[in-house]
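Down below is the structure, laid out as structure tokens.
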Amino acid sequence: MIKSEFNTKTLTHFIGGVMKPGRSERFGKVYNPSTGEVTAFCPYASVEEVNETIEVAHSAFAAWKNTTVAKRVEVIHRFRSLLIEETERLANIIGLESGKTISDAKGEISRGIESVDLAINAPHMLKGEYSVNVGGNINSFSMKQPLGVVAAISPFNFPVMVPLAMTSMAVACGNAVILKPSERVPNSALFISDLWKKAGLPDGIWSIINGDKEAVDALLKNPKVCAISFVGSTRVAEYVYHEGSRNNKRVASFGGGKNHMIIMPDADLDQVVTAFLGAAFGSASQRCMAISAAVPVGKATADAFVAKLKTRVLELKVGAYNDNNADFGAVITQESKDSVIKYINESLEEGAQLYVDGRNPKICETEKGFYLGPTILDHVTPDMKIYRDEVFGPARIVVRVNSLDEAIELINNHEYGNGVTIFTENGSAARKFSERIEVGMVGVNVPIPIPVGYYNFGGWKRSKFGEGHMFGPDTVRFFTKTKTISERWPESKDNENKAEFSFPSNQ
Ligand code: NAD
């Protein structure tokens, strides 16, 4: 598409410390999901532009690697302060381009700052090991060194939190980072770039390359990119994992999820319904850890749960990102809205029962935003498409089971294993569930069990590919390589001229 067709802001890349216009003549539309209007054009980088950015990052790397870790962390401290100072503006940008409410956007910024906090601990986390006199005057030690140029490819649904989680520790460890944000939310990433610059990060250590598959493929192919951190849909996560690994890169690749909430007969249903509402519909259900399926155990629990839920769901308010009374906002695009409606319609043909219908919310006569109200479908079964797929919008389902064992089996048979939670007052049920469930992040009476920034994050099964990590302590391992040194300073030169041909032993 040629941008001059439209009288709208044209965005840039951020390369070598400056905002750089795109040269490819390929652009994508960026929407305000709350109004349906196009607000900007995002340049889609060519292979040549990506390769040039990698060269800039590669040239900047050596000096940053050799900067003391204390100086690197000073920059990160300043970046953290700027994120806090600019939270209001940044939340507004996130809301404008993603549709999520301002309070939700502020929540994501504060969770993103947890990763920056962890990066401030880099001096401690980068420490190596040291062993004295492992054999004949030899000391052994190990050190962690940065990889070089590393790339992060992020999704639309957390325009700030996920990029911060993927990159803060990478920068602290001394790497040069290239972020390819989602083409649907490029403004937030460009705004962060300004903060890095103001914080004193040297030019070339943080770059933004905007684009689509062409840019991603160029990052996956270029041999100077040492590691790829990816977050997005499972289809693309799997592709990025295989392509990146095939090209000898380290890859941490995070995909989608289908997160269940088990409701045991002894659970406090008022508490459960309150927890379900926020976890299921917050951010218009566009969270990889959103609860998508309620799994009440027993008919009495299910009937009581849906009855209580209906009253509360009908009170939810959908609205523009800057409407302070809105519980959640619009979904990201018209295509996304259409896809959710299609899932609802197909499930009805397959026999699901429509309990609350959010397909045609009444927001405001003039609004053309991509709004969907909350939908609840009951009597959904595991063979239905709406159960099998991740549905990224506010259509939530109830799958009824008769026992905890049946609930565990249901969840363990699902292809995704990102998050799960159980609501119960019975400790032994909770313990059995936590131990047997095949899911990476588990909650007990906690609706969205996203670990805090200093724990590792990640799903199992087809929610994550590879062993690399996005945040938490394991990120340090992901963004560094370990070197082990054996060092000998003999006290005398006796025997120095005698060659030793047997394998070195420490006897
Ligand atoms: P997406 O897969 O469409 O896009 C993610 C990134 O991949 C974007 O930068 C995009 O430009 C790029 N991309 C898209 N298609 C590509 C292709 N064919 N080849 C190469 N690159 C491509 O995901 P999205 O819609 O932006 O984000 C929502 C998805 O992300 C959901 O599935 C959600 O569950 C998942 N997600 C997962 C986590 C997690 O931690 N597991 C966190 C947030 C979001």
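The values are calculated or read from the model by the stated rules, or taken from the named source; none is laboratory data. Being a predicted model, the structure only gives us computed values, none of them experimental. As a convention, Cβ positions derive from the backbone with ideal geometry for all residues, glycine included, and neighbour counts pool all protein chains shown. Just so you know, the surface numbers come from the protein's heavy atoms only, side chains and all, with ligands and any DNA or RNA stripped out. Shrake-Rupley method; radii C 1.70, N 1.55, O 1.52, S 1.80 Å.
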Is it true that Val47 is touching a Gly at 6+ places or on another chain (Cβ under 6 Å) and modelled with pLDDT of 95 or more?
no
Looking at this structure, is Ala227 more than 15 Å from the ligand (Cβ to nearest atom), over 20 Å from Phe328 (Cα atoms), open to solvent by less than 40 Å² (accessible area, probe 1.4 Å) and within 18 Å of the chain's Cα centre (by Cα)?
yes
Which of (1) open to solvent by less than 20 Å² (accessible area, probe 1.4 Å); (2) not in a helix (DSSP H, G or I) is the odd one out, the single condition Ala91 does not satisfy?
(2)
Taking the stretch 453-472 and keeping only residues that are more than 22 Å from Leu118 (Cα to Cα), part of a loop (DSSP other than H, G, I, E, B) and either aromatic (Phe, Trp, Tyr) or within 7 Å of the ligand (Cβ to nearest atom) (or both), one is left with Ser463
Looking at the stretch 141-150, can you tell me whether even one residue there is touching a Phe, Trp or Tyr at 6+ places or on another chain (Cβ under 9 Å), in the same structural domain as Asp474 (by TED's automatic domain parsing) and within 16 Å of the ligand (Cβ to nearest atom)?
yes
Would you check if there is a residue in the stretch 266-273 being part of a helix (DSSP H, G or I) and crowded, with 24+ Cβ neighbours inside 10 Å?
yes
Kindly establish whether Gly278 is within 12 Å of the ligand (Cβ to nearest atom) and either over 17 Å from the mean Cα position of the chain (by Cα) or modelled with pLDDT of 95 or more (or both).
no
Mind telling me which of the residues Ser34, Ser24 ends up being open to solvent by less than 20 Å² (accessible area, probe 1.4 Å) and of a type in the set (S, T, N, Q)?
Ser34
Could you count how many residues in the stretch 183-201 are open to solvent by 10 Å² or more (accessible area, probe 1.4 Å) and in contact with a strand residue (DSSP E or B) (Cβ under 9 Å, 6 or more places away or on another chain)?
6
Before we move on, is Val398 within 23 Å of Asn157 (Cβ to Cβ) and either in contact with a helix residue (DSSP H, G or I) (Cβ under 7 Å, 6 or more places away or on another chain) or in contact (Cβ under 8 Å) with a residue 12 or more places away in the chain (or both)?
no
